[in-house]
Structures are given as C-alpha cells and as structure tokens.
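The values are calculated or read from the model by the stated rules, or taken from the named source; none is laboratory data. Remember, it's a predicted structure, so these values are computed and weren't measured experimentally. With ideal geometry, Cβ positions are generated from the backbone for all residues, glycine too; neighbour counts draw on all protein chains shown. Remember, those area values only see protein heavy atoms, side chains included, never the ligands or the DNA or RNA. Shrake-Rupley method; radii C 1.70, N 1.55, O 1.52, S 1.80 Å.
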Amino acid sequence: MTSRIGVVTFPGTLDDRDTQRAVRVAGAEAVPLWHRDKDLKQVDAVVLPGGFSYGDYLRAGAISRFSPLMETVIEQAKAGMPVLGICNGFQVLTESHLLPGAMLRNNHLHFICRDQKLRVENAETSWTVDYESGQEISVPLKNIDGRYVADERTLDMLEAEGRVAFRYLDGNPNGSLRDIAGITNEAGNVVGLMPHPEHAVEPLIGTGRTDGLGFFTSILKKLVNA
C-alpha cells in the first residue's frame, strides 16, 4: 500500500504544491490538508510547508499554531506520527511547543534567498534515515525570520541529546545560535528546519541537485519498516 503524506495549507502558504510534488517524486501519495479541517484523512505523516501563514502577523507561525488542524497534528505528533516542518512549518512547530526554542528576525534584518550548505548531524530521525551523519548537502534557503534561538540550557540539552539535526556550513545565513539549521524532538518523529528540501528533489529545478529528496525517501523507509 502506498504511504500517504499529508501536506498542510494555511492562508499564506507558498510551498505546499512544491512539497506535494516532492512527496510524489519520492513515491508516496500526497494528500492536501486544509487548515480549518480537523480530519487528517488517515495520512501516515504530515508536512507543514513554507510560506508566510497568516502574513506572519504577531509572529511567524503564531496564528497557524491555533488552527483546527494543528490541534489534531499536535495530538498525533505526541502519539508518534512523523511531522516535518519546513521554514514557516518549523516556526509553527516551535510555536506549538512540539520543538523547543523560537525563530526571530534574521540578524542582518534582510530576507535571504540562496543555496545553503548543511551538515547532517542526526541521521536517525524519521526524516533523515536516508542520510549519513556528517554528510554535507545543499538545499535552497529563503527566509527573513530564520534565526533560531533558545536559552543556553535548552541549547546544551539539544547538543547533549543529539537533537541538532542540521547545522549551517560555509557561513551562518541568519545568526542562528550554534549554527543550528534544524532540530528534532526527543522521539525523532518531529523535525523542523529552515532550508527547503522540497526545492531540491529534481535536477531541473532548485539547486540542480537532489540533496533534499532524502527527507521524503527517509519517511517512506521509516513507514515501511514501522
């Protein structure tokens, strides 16, 4: 049976269709999910894609966190369902307290859009098993509120527990503390990152490489072996 990956659309979401395509390229069925619905339509995993949900009013992701669908996503994530948050989706995950820390305005106060090199720090999460620890990949980055922050105790905890999933290489693009580009929860089923793997799944578009495809093949492998 083909795995079903839900892709959520909020008002202001930009990358839902790109994410749906990435899911299909990996070999799964992409299931559109609307923010006002509580029903997850029997999906096996959920992706919160990038964009500017609700225009980033109050804070990026702050309003989306209270959407009816997120009530169900939070409940299911705590029960073990795999959830990936990309860019704005990462912001929603921190606002939902599924991941610790917060996202602030880039330290240079400008929107940034470029190909970004990353190092895979944790290759054992539901979304990273097709990578190797220490592997270097390149995927597009585009954000203005991408600076990951947390108190020193939380940062030390993430480091000690191996929960830093990705780290920026060749220059920190936004001032994120300890060059953190993405993190995971303790169980490894919830992952959030600022760069956009869905834009790097086919040679024709994005970086011209397929370094982001591993996110979507990883979750299929995890679901099959579950």
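Points to keep in mind about this one:
- Carbon plus sulfur fraction of accessible area for the chain, probe 1.4 Å, in percent: 49 percent
- Computed over the stretch 140-203, the alpha-carbon pair-distance distribution with 5 angstrom bins reads 4, 17, 27, 25, 17, 8, 2, 1, 0, each value a whole percent.
- Taking the charge dipole of the chain about its Cα centre, with +1 at Lys and Arg Cβ atoms and -1 at Asp and Glu Cβ atoms, the residue from 12, 139, 90 reaching farthest to the positive side is 12.
- Accessible area per residue in Å² at 1.4 Å probe, computed on the stretch 2-223: 42 Å²
- Only Lys, Arg (+1) and Asp, Glu (-1) charged, at Cβ; the stretch 20-125 dipole about Cα centre in debye: 320 debye
- Base-10 log of normalised Debye intensity for the stretch 95-226 (one unit scatterer per alpha-carbon) at q = 0.13, 0.23 Å⁻¹: -0.51, -1.49
- Taking the three principal axes of the alpha carbon atoms in the stretch 54-138, the coordinate ranges are 38, 37, 17 Å, sorted in descending order.
- Under the convention that each Lys and Arg Cβ holds +1 and each Asp and Glu Cβ holds -1, the size of the dipole of the stretch 1-67 around its Cα centre is about 80 debye.
- Three semi-axes of the equivalent ellipsoid, the stretch 2-223, Cα gyration tensor, whole Å, largest first: 22, 20, 18
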